[in-house]
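Report on the structure given below.
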Amino acid sequence: MARYLVVANQTLGADQLTAKIRECLAAGDASFHVVVPATPTKDQMTWTEGAAHAIAEQRLEAALKRFRRLGAEADGEVGDPSPMLAIRDALLEESYDAIILSTLPAGPSRWLKQDLPHRVERNLGMKVIHVTGRLEPAET
């Protein structure tokens, strides 16, 4: 069974990510561990660490329900605000065949400005499947 680490925050509800999950399931047995870095979002005028964590938790629960409705075996957690540290922490607990990294498009994406997909591949030696999705507004 293929095991995927899914890393996303603002794009966790994007159709593009759901399509990638479907594609992985169609290729054979697969399970997914979702990590949502508790990063502050641009649509919050002010934020606290607790608020960022609460938003990440809401997105995680919605994503797990959506992925399970597709027939996926899925679990997850809210991770460190730094996506790189959140990925490293997840890799300490489990091994994965690939990382599905979902970001906003170039321009608004802070993760792409940090060159996160390439840094993960280069520094962690993991296959990264990069998906670009639309913004999922934070619930207030």
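Multiplying the residue separation of Ala2 and Leu135 by 0.36 nm and removing their Cα-Cα distance gives an extension gain of 45.1 nm.
For the range 61-140, the fraction of alpha-carbon pairs lying more than 19 Å apart is 45 percent, rounded to a whole number.
Estimated at 0.36 nm per residue, the fully extended path between Arg22 and Ala62 surpasses their Cα-Cα distance by 12.8 nm. For Gly76, the residues 5 or more places off, or on other chains, whose built amide H falls under 5 Å of its own are Val34.
Could you grab the relative contact order for the chain? Cα pairs under 8 Å, six or more apart, rounded to a whole percent. Each step should come with its number before you reach the end.
Numbers: 251 pairs, mean separation 48.5, N = 140.
Taking the mean separation of contacting Cα pairs over the length of the chain, I get 35 percent.
Ranking Ser109, Gly50, Val7 by Cα position along the charge dipole of the chain, where only Lys, Arg, Asp and Glu carry charges on their C-beta atoms, puts Ser109 farthest toward the positive end. Restricting the range 48-135 to GluC sites (Glu not before Pro) that sit in a DSSP loop and have at most 11 other Cβ atoms within 10 Å of their own Cβ leaves Glu94.
If you model the range 53-106 as an ellipsoid using its alpha carbon gyration tensor, with each semi-axis the square root of five times an eigenvalue, the axes come out at 18, 15, 13 Å, biggest first. Principal-axis analysis of the Cα atoms of the chain puts helix 49-69 at an angle of about 30° to the longest axis.
Rg over Rh of the chain, using C-alpha atoms and the Kirkwood radius, what does it come to?
Details: Rg = 13.9 Å, Rh = 14.9 Å.
When Rh is taken as the Kirkwood radius, the ratio is 0.93.
Rule-based calculations on the coordinates, nothing more; no lab input. Please read these numbers as outputs of a predicted model, since none were measured by experiment. Glycine also receives a Cβ, built like all others from the backbone with ideal geometry; neighbour counts cover every protein chain displayed.
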